[in-house]
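The values are calculated or read from the model by the stated rules, or taken from the named source; none is laboratory data. As the structure is a prediction and not an experimental result, all values here were calculated from the model. When we count neighbours, we look across all protein chains shown, and the Cβ atoms used for this are built from the backbone with ideal geometry, even at glycine. Just the protein is used for accessible areas: all its heavy atoms, side chains included, with ligands, DNA and RNA removed. Shrake-Rupley method; radii C 1.70, N 1.55, O 1.52, S 1.80 Å.
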Amino acid sequence: MGEDMVVNIAIDAGTEGAGNTVGTAPVALGRILVALDQSDYANNAMKQALRLATGHVTGIHAYAARLHDRRFKQMEGGLPERYRRESEMEHQRDVHEDLIGMGLGLISDSYHDAAKALAVKADMPFRRLSPEGKNYACLLDAMRTGDHDVLFIGALGLGAVAGSTIGTVAERVVRRSDIDVFIVKDRQIGRAHV
C-alpha cells in the first residue's frame, strides 16, 4: 500500500472546522461496501454508510460452511459405532452439510434483511454479497473487484474481547486493503468516532 496515511473525516455538520458539504468528502462515497455481522459496531457502520453514501451500499457477510464440514469430519471418530458404517457416514455428512449450509445461509440472509430495511428507510439502493469462506479473506476479495470505493466496518464484531480496541477481522482487512476503510469505533450512531 505504500505510505501509511490516516484520513479523518468530520461527519457531523456541526463539527468545528469540518467545512464539508455533501459530496465533498476526500474519499469517494458512491459505492460503499459494509461488513455485516449484526454487532452494534457493524450496525453503526451501516447507519454511517447510509448517512454518507452518494450512490449505493452493498452489504457483505461471509460464512465458512467448509470450516464446519472439516470439523465434522474430524469428529467422526467419536460417533457411536452404528453411525461409522461408510454408507451411514455419507448420509450423516450430507445431512450435516445441508443443515450447516441452510443455517448459515439463513443467518446471512437475516443480516442482509436488517441492513436492507435500513437502506429502504434511507431510500438508498442496497445490494447483497454472501460469499463462502473466511470473513476477512472474502472482504478483501470483494474490495479488490473494483466495484467498491470504500469499506465501512465496525472496529469490533460479535467476538469482541473486553478491552480490545480493534478486532482481528478489522485489523487484517485494514493491513491488506487497497481501498479506503472507514472504521466505526463506537456502538451508537450519535457517537461515531472514525
Set of lysines near Lys134 by C-alpha distance (under 20 Å), chain-local residues within fewer than 8 positions excluded:
Lys73
Probe radius 1.4 Å, ligands and nucleic acids left out: which of Ile60, Ile107 has the largest accessible area, and how do the rest follow?
Ile107, Ile60
Taking +1 at the Cβ of each Lys and Arg and -1 at the Cβ of each Asp and Glu, which of Leu106, Gly59, Ala160 sits farthest along the dipole of the range 46-194 towards its positive end, judged by Cα position relative to the Cα centre?
Ala160
Taking a straight Cα-to-Cα line shorter than 19 Å from Lys116, and setting aside same-chain lysines fewer than 8 residues away, one finds Lys47
Nearest-20 debye value, the range 74-194 charge dipole, Cβ charges on Lys, Arg, Asp, Glu:
580
With all protein chains present and a 1.4 Å probe, the order of Glu81, Glu97 from largest accessible area down is Glu81, Glu97
SASA check, Val169, accessible area w/ 1.4 Å probe, all protein chains in place, rounded to nearest 10 Å², comes out at 40
What figure, in Å² to the nearest 10, do you get for the accessible area of Ser87 with a 1.4 Å probe and non-protein molecules left out?
90
